[in-house]
1. Go through region 11-26 residue by residue and turn each phi into a ³J(HN,Hα) via Karplus (6.51, -1.76, 1.60, θ = phi - 60°); whole Hz please, and just put x for glycine and proline.
2. So how long is each side of region 1-66 along the principal axes, counting just the alpha-carbon atoms, biggest first, in Å?
3. Using only the alpha-carbon atoms of the chain as identical scatterers, what base-10 log of I(q)/I(0) does the Debye formula give at q = 0.11, 0.15, 0.23 Å⁻¹?
4. Give the accessible area for Val118 in Å² (nearest 10); use a 1.4 Å probe, count only protein heavy atoms, and leave out ligands, DNA and RNA.
5. For a quick check of understanding: with a 1.4 angstrom probe and all protein chains in place, what accessible area in square angstrom does Arg11 have, to the nearest ten?
6. So what J values fall out for region 85-90 if you push phi through Karplus, 6.51 cos²θ - 1.76 cosθ + 1.60 with θ = phi - 60°, rounded to Hz, Gly and Pro as x?
7. Under a 1.4 angstrom probe, counting protein chains only, how are Tyr35, Tyr10 ranked by accessible area, largest first?
8. Run the reach check for Lys65 against lysines, Cα to Cα strictly under 21 Å, same-chain hits fewer than 8 apart removed. What comes back?
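The values are calculated or read from the model by the stated rules, or taken from the named source; none is laboratory data. Source: prediction; values computed, not measured. These accessible areas exclude ligands, DNA and RNA; they are computed on the full protein's heavy atoms, side chains included. Shrake-Rupley method; radii C 1.70, N 1.55, O 1.52, S 1.80 Å.
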Amino acid sequence: MAQIKSEKEYRKLMQRIEELLEVVDDDTPKDDVNYIELDALSDLVEEYEDVHYPIGKPSLVDTIKLRLYEMDITQAKLAELLGISPARVSDIMRGKCEPTLKVGRELCQKLNISPSVVLGV
C-alpha cells in the first residue's frame, strides 16, 4: 500500500490498527507479523493525518488558558503573579495586545511556558 486515498480507507485502517493494538504490546517481537503490519499501517495513517488533520502550534493565549486550568488559578491571580493589572491580563487573553518582554519572561517562569511559545516561534 503506497498511500491512503480516501477517508473511508483511512477509517478502515484505523479500525485494523485498533484490532492490532489488542494483540501487539511492548513484548511482541519486532519480527512478528502483527507487529510489522501495525508498524506499516501506523506509518500510512501518520502520513494521511499530517495532510488531512494537521496539528498547529498552540497560541500563547491557548497555552496560558491551559496552564491556568492546570494550576487552578484565575486571571486575577495571574495578574498578581505577573505584577500587572487584571485589565492588562484581560487584554492579553483577548489578543488585544502582546505581553512585554518582562511579562513574557514572567509567563515563562511563573507558568512554565516555553519561551518559543511566548515569542511565537
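1. Each residue of region 11-26 in turn: 4, 5, 5, 4, 5, 5, 4, 4, 5, 5, 5, 6, 10, 9, 9, 5 Hz.
2. Principal-axis extents of the Cα atoms in region 1-66, largest first: 45, 30, 16 Å.
3. -0.61, -0.73, -1.23
4. Roughly 30 Å² of Val118 is accessible to a 1.4 Å probe.
5. 140 Å²
6. With the stated coefficients, region 85-90 comes to 6, x, 5, 5, 4, 4 Hz.
7. Solvent-accessible surface, decreasing: Tyr35, Tyr10.
8. Result set, ordered by chain and number: Lys57, Lys77, Lys96, Lys102, Lys110.
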